[in-house]
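Heads up, the thing below is written out as structure tokens.
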Amino acid sequence: MKAFNGTNVIKKQFSLIFVKFTVCFLLLGLAYRLILSNFEQFSQIEVKNTALFSDNTLPLPPVTVNEPLVTVNEPPVTVNEPPVTVSESLVTVDLPENQTLRNGTCDLFIGNWVYDPSGPVYTNATCYSIESHQNCMKNGRPDTEYLNWRWNPRDCELPRFSPKKFLNLMRNKSFTFIGDSIMRNHVQSLLCILSQEEEADDVYHDEQYKSRRWYFPLHDFNLSVIWSPFLAKSTVFEDDNGVSTDITQLNLDKLDDVWTQQFDNFDYVFIAGGKWYLKSTIYLENDKIVGCHNCPGKNITQVGFDYAYRKALNTTFKFITSSKNKAYTFFRTTTPDHFENGEWNTGGYCNRTGPFKEGEVDIGYVDEVMRRVELEEFERASEFGLKMKLFDTTLLSLLRPDGHPGVYRQYQPFAVENKKKKMQNDCLHWCLPGPIDSWNDIMIQML
């Protein structure tokens, strides 16, 4: 009986051990399967991410820092220039049809220039309206990387300008640009882009071709530029080459009739002051001299150009606010130049071949003063009912030292026949095509 009971106990113990071993084996198998499954899952995610970055990252172009655009008779670039670097963050993005906001806000004027291999929508061969001084490709500029950068705001994505959408928006309307040669530069950029959809008829120009008007018959749309570099009434003694025979006189409390008398006919207006306020000028108010800027030899009190600029903008904004015609109006801030080692008349030049990144370059004193006056007067006028859009392109333009004609404002400046000629650099206006084309991307988005 005892032997029988012992055998049963042994069997029960063996069965219990077998069950435990089986359970352990099953648990180990299950654990191994789970580990293997997770490992495969993580491996797939890692491979997927690697492929994603590989497909969307474009090779960045080499940017020359201290190498001039040409090697013949070109002034050397100083070694203490801020570096022109290209970050890995400067990659192209797939742009949606409409602007996408991030975090609910968007400042179209804060961001970076991103590399875009698709290049411009037009060339000097597909646009007839490029002035010779801005036709850098025809004039022989050898590098082309400056054509492959587009403006990308930090907080939103900016679609390309659509000429078809713009012309449909402007059907039976007029759009007038008022200002100096930078404004004319902008209009030519817009004309070149629009010409890919419809060619405009040149229907008016003044004697010097400074004020002009174009007509788009398929859309009954008038586009014009009015030459008024001060916006205020002025008497200028200067030829087309900038040579003065006497000092300019400027009425700070009177506006230029050339644009004010037509203002009631405008549907859309783009207006700006700018660099002409840096010229030697005598200032008048109530037809009496109140001071001057840079007028040696004159027995007149010297006042800063900012005084005159503030007064003239105040007069301009009051006129627009009080006008019965409530035209949709943009006001553009000052455009910085990129002369290095001198000014336009003292040997200054610009030969960089790539953009700066945000934070790599500081705005110059003069441009900082002008922009501060503009922002303060714009804000003050807004408090009194000014309905105008601020087009603050100063800082984004500051990042593009590579976009100017430089010596290529002249045709083939280093050809043998031009070797003995004195070449002037243009580091203020923009090559076409060039960075100024992105202004139109912003403009249509604001519209």
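Laboratory data are not the source of any read-out in this text; all were calculated from the coordinates shown. Keep in mind it's a predicted model, so treat the numbers as computed, not measured. Note that we place each Cβ from the backbone using ideal geometry, even for glycine, and neighbour counts take in every protein chain shown.
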| query | Taking 0.36 nm per intervening residue step and subtracting the Cα-Cα distance, what contour gain separates TYR411 from TRP344 on full extension? | reply | 22.3 nm
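So, with +1 on the Cβ of K and R and -1 on the Cβ of D and E, and no other charges, what is the size of the charge dipole of the range 128-174 about its Cα centre, to the nearest 20 debye?
Values: 9 positive and 5 negative charges, 74 e Å.
With only Lys, Arg, Asp and Glu charged at Cβ, the dipole is about 360 debye.
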| Which residues' amide hydrogens lie under 5 Å from the amide hydrogen of PHE221, considering only partners 5 or more residues apart or on another chain, with H built in the peptide plane? | ASN172, PHE216
| query | Quick one: what Rg and Dmax do you get for the range 186-252 from the alpha carbons, in Å? | reply | 15.6, 46
| So, how do all the Cα-to-Cα distances of the range 215-278 break down into 10 Å bins, in percent, from 0 on up? | 17, 43, 26, 13, 2
| request: List, in order, the whole-Hz ³J(HN,Hα) value for each residue of the range 367-376 obtained from phi through the Karplus relation with A = 6.51, B = -1.76, C = 1.60 and θ = phi - 60°; use x for Gly and Pro. | output: 5, 5, 5, 4, 5, 5, 4, 4, 5, 5
| request: Would you grab the residues whose amide H sits under 5 Å from the one on LYS389? Only those 5+ places off in sequence or on another chain, please, with H modelled 1.01 Å from N. | output: THR329, PHE330, PHE331
| Between ASP155 and GLU198, what is the spin-label point distance in nm, taking each point 7 Å from the Cα along the Cα→C-beta axis? | 3.5 nm
| Which ³J(HN,Hα) values, rounded to whole Hz and listed in residue order, are derived for the range 158-166 from phi using the Karplus coefficients 6.51, -1.76 and 1.60 in 6.51 cos²θ - 1.76 cosθ + 1.60 with θ = phi - 60°, glycine and proline given as x? | 10, x, 5, 4, 9, x, 5, 5, 5
| Cut-off under 5 Å, modelled amide H: who pairs with TRP149 long-range | ASP116
| field | HN-Hα J in Hz across the range 124-141 - Karplus 6.51, -1.76, 1.60, θ = phi - 60°, x for Gly and Pro | value | 5, 8, 10, 10, 8, 9, 6, 5, 4, 5, 9, 8, 5, 5, 5, 6, x, 4
| task | Take the range 248-302, compute every pairwise Cα distance, and split them into 10 Å bins from 0; I just need the percent in each bin. | result | 20, 42, 26, 11, 1
| request: Identify, among THR248, SER211, MET183, the residue whose Cα sits farthest towards the positive end of the charge dipole of the range 145-263, taking +1 on the Cβ of Lys and Arg and -1 on the Cβ of Asp and Glu, with the dipole about the Cα centre. | output: MET183
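Counting Lys and Arg as +1 and Asp and Glu as -1, each charge on the Cβ, what is the dipole of the range 253-392 about the Cα centre in debye, to the nearest 20? Numbers along the way, then the final one.
Details: 18 positive and 22 negative charges, 72 e Å.
Magnitude of the dipole: close to 340 debye.
Going by average Cβ neighbours within 10 Å, how do the peptides 373-386, 303-316 rank, with the highest at the top? Can you show the working numbers first?
Numbers: 373-386: 15.2, 303-316: 19.8.
Answer by packing, highest mean first, reads 303-316, 373-386.
Antiparallel DSSP bridges in the range 190-285: what percent, to the nearest 5? Can you show the working numbers first?
Working: 14 of 18 bridges.
Approximately 80 percent, going by the DSSP bridge assignments.
If r is the Cβ-Cβ distance from LYS138 to ASP287 and R0 is 60 Å, what FRET efficiency results, to the nearest 0.05? Mind showing how you got there, number by number?
Working: r = 47 Å, r/R0 = 0.78.
The computed FRET efficiency comes out at 0.80.
Sort 131-139, 319-327, 288-296, 272-280 by the packing proxy (mean of other Cβ within 10 Å over each peptide's residues), most packed first.
Highest-to-lowest ranking by the protection proxy: 272-280, 131-139, 288-296, 319-327.
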